[in-house]
Amino acid sequence: MRSRNPVFSRRGFSRDNGYAGFNAAPQAGGPAVATQANPYAQGNPYAQPSAGNPYAQNPYAQPDQQFGAPPQAPATAGRMTMDDVVIRTASTLGVLVVTAALAWALLPVDDANIGRSYGIGIGAAVIGMVLALVQSFKRKPTPALILSYAAFEGVFLGVVSSVVDNRIADGAAMQAVIGTMAVFAGVLIAYKAGWIRVNRRFYGFVMAAALGFVFLMMVNLLFAVFGGGDGLGFRSGALGVVFGIVGIILGACFLALDFKQVEDGLAYGAPREEAWFAAFGLTLTLVWIYLEFLRLIAILNSND
């Protein structure tokens, strides 16, 4: 199981799920050329080798597909489509936005209520994290679990956004939303244009950087809890700005990995239910980017 997010480890389009993806292994009898052309998606597990054509990994494939082009899944009902990914991602993000708006409106953050509201927000964040971890270790996606995660995460985001917007930097929430949308659009355009090439080297670099980033944040948190203050200062001042920018860049890299994951799922005929995995992964990454933007804006507007 490979992680696509610096915080959560989740199952994606992988060998464990029964179709090609980042964890895919070469299929027995598959052409070596195709394996080298696409090291992250090797063979279509829904198409067994044809007896009449021992070189065809996919009996539905055209001749050019035998020499490196991604084999297309047979036109069979029940396969994941881009519409499935878009609809389920929109549904998951919609639940998150609605609960965030409700939390903003119903959980005030004035001096008299900020303690209670912030406590509810932190509790929702913990529940959301548990739900996300449970889904990460499940072999198949559970829509109710994913939507529940989005609902609790929305409560947390609503409270945190309200605190930053009302007590630190007016308009911070909208700025963070615009920044997140800009990163998403920019990475999507760059990915589709081929400016970002997601290969094994890219994946290894992103994962190493993410692990180092998370490790430093955990150390900083431990120093803050036991030593007081801002810990080692990784989340405040000039150093906090640098780490905020690094966090946004890492989120953009994980978006590219998510796009590759979706592309492989479409090309290799993933089951329609796996569109929920795509929605789950994209939501996790977008939440990560939004929080990094919000934290960066708070640091830049802090009076400290």
Original post:
Here is a list of conditions, (1) in contact (Cβ under 8 Å) with a residue 40 or more places away in the chain; (2) part of a helix (DSSP H, G or I); (3) over 16 Å from the mean Cα position of the chain (by Cα), and Thr180 meets all of them except one; can you say which number that is?
Top reply: (3)
Original post:
Given the conditions (1) open to solvent by 40 Å² or more (accessible area, probe 1.4 Å); (2) part of a loop (DSSP other than H, G, I, E, B); (3) farther than 23 Å from Asp230 by Cβ, which single one is not true for Asp111?
Top reply: (3)
**OP:** Take segment 170-190 and flag every residue that is surrounded by fewer than 18 Cβ atoms within 10 Å (Cβ to Cβ) and of a type in the set (A, V, I, L, M).
**Re:** Met174, Val177, Ile178, Met181, Ala182, Ala185, Leu188, Ile189, Ala190
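Yes/no matrix, rows are residues, columns are (1) open to solvent by 100 Å² or more (accessible area, probe 1.4 Å); (2) closer than 17 Å to Ala100 by Cβ; (3) in contact (Cβ under 8 Å) with a residue 24 or more places away in the chain; (4) of a type outside the set (Lys, Arg):
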residue	(1), (2), (3), (4)
Val155	no, yes, yes, yes
Ser162	no, yes, yes, yes
Ile168	no, no, yes, yes
Ile196	no, no, yes, yes
Val206	no, no, yes, yes
Met218	yes, no, no, yes
Original post:
Restricting attention to segment 121-138, does a residue exist that is open to solvent by 50 Å² or more (accessible area, probe 1.4 Å) and of a type outside the set (A, V, I, L, M)?
Top reply: yes
Original post:
Within segment 281-304, which residues are in contact with a Leu (Cβ under 9 Å, 6 or more places away or on another chain) and either under 17 Å from Ser136 (Cβ atoms) or free of Cβ contacts under 8 Å to residues at least 60 places away in the same chain (or both)?
Top reply: Gly281, Leu282, Thr283, Thr285, Leu286, Val287, Trp288, Glu292
**OP:** Kindly indicate whether Phe223 is surrounded by 14 or more Cβ atoms within 10 Å (Cβ to Cβ) and either more than 19 Å from Ala298 (Cα to Cα) or modelled with pLDDT of 90 or more (or both).
**Re:** yes
Original post:
Would you pick out the residues in segment 220-257 that are charged (D, E, K, R) and in contact (Cβ under 8 Å) with a residue 40 or more places away in the chain?
Top reply: Arg235
Original post:
Just checking, how many residues over segment 263-280 are open to solvent by 10 Å² or more (accessible area, probe 1.4 Å) and touching a residue at least 12 places away in the same chain (Cβ under 8 Å)?
Top reply: 6
Subject >> Boolean, Arg272 is under 24 Å from Leu147 (Cβ atoms), among the basic types (Lys, Arg), modelled with pLDDT under 95 and touching a helix residue (DSSP H, G or I) at 6+ places or on another chain (Cβ under 7 Å) >> reply: yes
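The values are calculated or read from the model by the stated rules, or taken from the named source; none is laboratory data. Since the model is a prediction, treat every value here as computed from it, not as a measurement. All Cβ positions, glycine included, derive from the backbone under ideal geometry; neighbour counts span all protein chains shown. Surface accessibility is based on the protein's heavy atoms, side chains included, excluding ligands, DNA and RNA. Shrake-Rupley method; radii C 1.70, N 1.55, O 1.52, S 1.80 Å.
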